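Shown next, in structure tokens, is the structure this report addresses.
Derivation of every value follows stated rules applied to the coordinates shown; laboratory data play no part. Predicted model only: the values in this text are computed from it and were never measured. Cβ atoms come from the backbone with ideal geometry, glycine included; neighbour counts cover every protein chain shown.
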Amino acid sequence: MSDITFSKPAETANSALFFRRWLRNPLQMGSIIPSSPALCRRIAAAVQRGPEEHVLELGAGTGVVSAALLASGVPAHKLTVVEIVPEMADFLREALPGVNVICGDAFDLKNALPEHLHGRIGTAICGIPLVLLPLERQRAFVEAVESVAPGKGFLLYTYCITSPLPYGKLGLAAKRLAWTPLNFPPASVWRYTPRPAR
């Protein structure tokens, strides 16, 4: 495993870019600062992936979670990140060489992701603050993930202590995998999986 970190100038640029994006659209961001190393490690530890499967990160921001995934052993060519803001996507392409960075919409994964990735996602990770969205948009997100990673569900990191999603209404099962008091604010990692149809 490699220990991938940003240099001090890159860290400063990272935080400044993150904050500028938050100022432009607070509802797209869960926090005004990037996730802590402790939270990133918890997320990376929860990843499940077969040898030929990919990891999909949605709402990658400035790449702190991506860097933790790479450091945990996910090969760069097996990591795909989707970021809707072009400026952020450009930053990620420079900061994460070898990673497949897509400037696209996480709510339209069927079209945003190349077809060869459909059905080959081991874990999808969501950094989008879904708790702020209405139920219809939450359902659209669940359906988008299901369209490219059928039956896999997704990881969601959040600042909510209880489930940020009404998982019963969304046809999901939920499990909190980790709580990270060292993050600011403290954060949880949840795994949501589709419930079998009755």
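Worth a mention:
- Charged neighbours of P181, selected by a Cβ distance under 15 Å, balance to +3 (K, R count +1; D, E count -1).
- Computed FRET value (nearest 0.05) for D90 with R176, which takes r as the C-beta separation and R₀ as 41 Å: 0.75
- Counting every alpha-carbon pair across the range 75-198, the share separated by more than 22 Å comes to 39%.
- Counting every other Cβ atom within 10 Å of each residue's Cβ, I128, I161 order from fewest to most as I161, I128.
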